[in-house]
Each structure stands twice: as C-alpha cells, then as structure tokens.
Amino acid sequence: MRKVVIAGAGMTRFTGKQPRTAIELFGDAASEAINECGIQPRQVQALFMGNFMGDFEEGQAHIQAFTADYLGLAGIPANRYENACASASAAIRDAFIWVASGQYDIVLAGGAECATKMGTPLATRTFAMASDSRYEYAAGVTFPGVFAMLAHLYARRYNIPLETLKNQLYQVSINSHYYGARNPRAQFQKELTLEDARKSPVVASPLQLADCCPFTDGAAVLVIASEDAARKLTKKPVLIAGVGQASAGNLLSQKEFLPRIRSRELAAEQSYKMSGLGPKDIGVVELHDCFSIAALIALEGLGFFPYGTSGRAVEKGETKIGGKIALNPSGGLKAKGHPVGATGAAQAFEIVRQLRGECGERQVEGVKVGMTDTLGGDGGTLCNMILRCGW
Amino acid sequence: MEAKLTFKEYNENLKQGRLSGLKCSSCGEVSAQPRLICAKCGGSQLEALELKGSGAIQTFTVNYVAAEGRESEIPYIVAIVELDEGPWVMGNIGGLKPEEAGMDIMGRKVRMDGTAVFAGDRYSSGEIARPVFRLL
C-alpha cells in the first residue's frame, strides 16, 4: 500500500436555499481544490462523488457522470456514493484505497447536495428513507425521532436525569454555534443563547430545534494523490494515516449496543490500527453532530471520554479549543450545516485547514493530527479517517 | 440458505395482528424481522415462529414534525419494545396521550394491542403495518 495524501481541498460556503445546481456547487469546490495544488482537470484519473438525494432535489440521479463532464474530466471513471450522511466519507475512503493500491495517482473525491430544494416536509420524508422503510419508517420515525430515542436511552442507560442531559445538549449546540459564528463558510454564522435554545420548539421529544442540524446546500471536494505525485503539488500534504468503515442493520438490529453505535466502534478500531494512533494522539475532531446527542455518543465511541461522561466534559469546557479535544471547530453539522452528501468531505476540509494552520481565530494551535467521523442513517454506515501533517 | 419468512408474509401476518419472527436452530436467537442468516451466530438454519407480542419499552419519542404525507398523524409516540423472546421491534403506544409520555414509561411492560398500517405513499411499495402496544 502506497502512502496517500490530500493535496488540495475546496469547499463552498454552506447555505440555506440558493439557486445553483449540485453539479455547479461541486464544480466550485473542485475548482478551489484543483487550483490550490495547481493540477489541470485532465490530470484527474477518477471521480468519487457523494450525493444522497439528487433524485429528489433536482430530479437528478447519475449525477457523477454529468459532474465529470462539467469539470472537463475527459471520460474518466466516475462513481456516485450513496451512504446517506456518510456518502462523501465513503467516497474519500474508496479514493484512498484506489490510490494506495497504485491504480491511480490523482483522484477527486467529495460530495454535493442541495437538500433545501426539497423543502422541510419532503426533506423529512426523504431523509427518513435512510432508516428502514419496513420496520422503522412504518412506525412513523423520522431522523430527529431516531436520535430522540437514543437520547432517552442514553439518559436511562447512564442514569443521567433528563434535565441534566438536556442542559448538556444545549451546551453542545451553543459551542457549535460559537465556532460557526467564526467560520466564514458556515450556514449559521451566529451564536446561540441558552435562552433561545430552551425556547426552541420540540421536534421529537426530548430534542428541540436547537438540537437539530439544518437542511443545507453545499459541496466539498478533495484532491487525493499518492505521496509521490503530491510532492510536485503541495508543500503541505495532509497524510491519510488511517481509514475505517463499517455497516450495521437498523436500530432494532443494534439492540445490544445502543446507545453506542457499534459500526462507529468497528470503524474507529480500523482507523486507529491503520494509523498506529489512538484517541490521545488526536488534537482536533470533526464528528457527526447531526443532533446534539449524536455528538456525545460519538465522543465516547471514538474513545475521547468514558461512556456516559461526555456531556459533563462538554459542560466543563473539555471539548473547546484548548481543552482535552477540540470538537467541531468548524461549527459542526449544527452550525456549519449538513449538505448530506458533502458532509464527510467538509469535515476533512476543516481538518486539512486546521493541520495547515489556516483557521484564524478558531485555529487549534500546533495541531498535528485530526480525525473525521461520519455516521450514515441510524448507524447503517460509519466512516472515519485520521489525518496528520505530512511535512 | 433459504428464506423462511419473507417481508410480504411478515407484513400480511402483522396486518392480521400476528407478529412473526425467526428462531435460529443453532443458538436460539430470535429475530423479529426476516433475515437469511442469524445475526448473532451466523447460523443459516432459521425457523419461523409467532411472537407473543409482549415485552417492555426500551425507549420512545413523541414526534411533532411530520414527514410529507403523515401530517395528520402528529403528535404520536414511537417506541422500541424489547419482546419477551428477545428481539426489539418499533411501533406506537396506544391508549396514552402523547403529551403525557415521559421517561417513566421506559421499562414499563406492554402488550401488542393490534396494529396500525402506513397506507404507503408514492415512494413506498404499498401498505406497511407496525405493532401498536398498550401499557399493562
């Protein structure tokens, strides 16, 4: 296996409803990534593109072929990845494997989504398609509902009074917005007050609107290259030190593990093993906070805090920049936004920028190793990645 | 490997108030959804059985934001029940006002008391039933 690096990274600003197509958004992010490392589009040998719901957003399936054409990629192989919220992460992982194998030297991987084109009722319906249509959606569960059930289960399993947990969850969202307010590419560039969080409407008990990430349009793209090829492209190659991916059945099939997400723990084991690193080595993490409770579950599943204790750690400031682990300095899915098929690439974009020291007032000083973690559906797909400075 | 229970059979049985499942001949694990292989031990000899429909609530939510086409149903309680035979199933809780559902219902014993049917929409492949439980 050859060493593989991220030679360039691009990302659009994440927004609510906007007029451009997912292909155009992908094009913007790809241009930034390509220009950053000075390659020509015709040097790209394959395209791996995450896209969750183009079929419903723009009546566009098979978007990868038209994206490759739009970018002038001259007939190269192009694949679409649909792994729900983990689509782009699965695309990046496959790009890594293809480059590591020696088949390709330079590949584009990322994702694009125009979720807001659907409107909330249709988006709620289509997002629920990533849970099990036979045994979950029939009962009326939506995505907030999935994580709401995990929140109740978490409170009971770890014997945390719901009121205490709720306050911890508000703090998760307040922290996300604090960083979002400092990220010029975030959808919500404004802070959230405790009062506003408390007053927000209940979506699925116990979760309120302040616990939920928004629907988002946006794209993020990486240039993935072999270490050798990248020498000519960048002075700051970001090494993909470890990757992991795992799957699981619906929530009901995960009964012994919940509220832990078994697929996360399997994937993290792979990432840590491949990189030879552990949770203590990670300085910054971009993890899957689609709902506030999901951030607590992820912090524990990745090994940063013991089970049932990450809410208290958040309250004590241990997940802020300067704390034990810098959590989602981009603002996370909550404040930066969650264009589903692009999210994993956007997480990697933030880690790349953090490792290069380009994040301004939300920079984690001197950070050398970062991690991404992306959860698809109700744990059906889980991908994570460990990135480190390659210079 | 042979399918001993199809989704169609499971769904038709459920519509008629019968919750069906599979039991692994090797390890005894019971599944409340059709599958080819035992999730616990990997055994391929599964036998269909009827589940009693009694169990305890593991977790729940009250849903206030509907997906397209299900606006008339909100608010409603979604719950995961661990059946006495072991598997978890998702359904609704009847006979309890949604606004009165709190964490005190977690762990409470329930029994299946009929089913409700999602009529399907333009995206789904027809009617799909789910169990409705009642607190004991």
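The values are calculated or read from the model by the stated rules, or taken from the named source; none is laboratory data. Predicted model only: the values in this text are computed from it and were never measured. So basically every Cβ, Gly included, is an ideal-geometry build from the backbone, and we count neighbours across all protein chains shown. Note: areas computed on protein heavy atoms with side chains; ligands, DNA, RNA excluded. Shrake-Rupley method; radii C 1.70, N 1.55, O 1.52, S 1.80 Å.
Taking the stretch A:126-156, which residues are open to solvent by 10 Å² or more (accessible area, probe 1.4 Å), at the interface with another protein chain (Cβ under 9 Å from one of its Cβ atoms) and in a helix (DSSP H, G or I)? Listed by number, the residues that qualify are A:127, A:129, A:144, A:156.
Annotation: of all residues in the stretch B:97-112 being away from chain A (no Cβ under 11 Å) and surrounded by 18 or more Cβ atoms within 10 Å (Cβ to Cβ), the one that is nearest to the chain's Cα centre (by Cα) is B:112.
Look at (1) open to solvent by 50 Å² or more (accessible area, probe 1.4 Å); (2) of a type outside the set (Gly, Ala, Ser); (3) more than 12 Å from the chain's Cα centre (by Cα) and you find that residue B:15 fails only one, number (3). Going through (1) surrounded by fewer than 21 Cβ atoms within 10 Å (Cβ to Cβ); (2) in contact (Cβ under 8 Å) with a residue 24 or more places away in the chain one by one, residue A:93 falls short only on (1).
Tell me the residue from A:253, A:271 that is assigned to a helix (DSSP H, G or I), open to solvent by less than 10 Å² (accessible area, probe 1.4 Å) and not charged (D, E, K, R), please. Only one candidate passes the filter, namely A:271. Taking the numbered list (1) part of a loop (DSSP other than H, G, I, E, B); (2) more than 14 Å from chain B (Cβ to nearest Cβ) in turn, residue A:260 passes all entries but (2). Looking across A:317, A:341, A:322, A:331, one residue alone is at pLDDT 95 or above, surrounded by fewer than 24 Cβ atoms within 10 Å (Cβ to Cβ) and in contact with a Gly (Cβ under 8 Å, 6 or more places away or on another chain). It is A:317.
The residue that is nearest to the other protein chains (Cβ to nearest Cβ), counting only those in the stretch B:113-135 that are open to solvent by 30 Å² or more (accessible area, probe 1.4 Å) and outside any loop (DSSP other than H, G, I, E, B), is B:117. Could you check the stretch A:344-377 and list, in sequence order, the residues that are open to solvent by 10 Å² or more (accessible area, probe 1.4 Å) and among the charged types (D, E, K, R)? Residues satisfying the conditions are A:353, A:356, A:358, A:361, A:362, A:365, A:368.
For residue A:173, state whether it is open to solvent by 10 Å² or more (accessible area, probe 1.4 Å) and small (Gly, Ala, Ser). Judged against the criteria, residue A:173 is not a match.
You will find that of A:219, A:241, A:229, the residue that is part of a helix (DSSP H, G or I), closer than 25 Å to residue A:369 by Cα and touching a residue at least 40 places away in the same chain (Cβ under 8 Å) is A:229 and no other.
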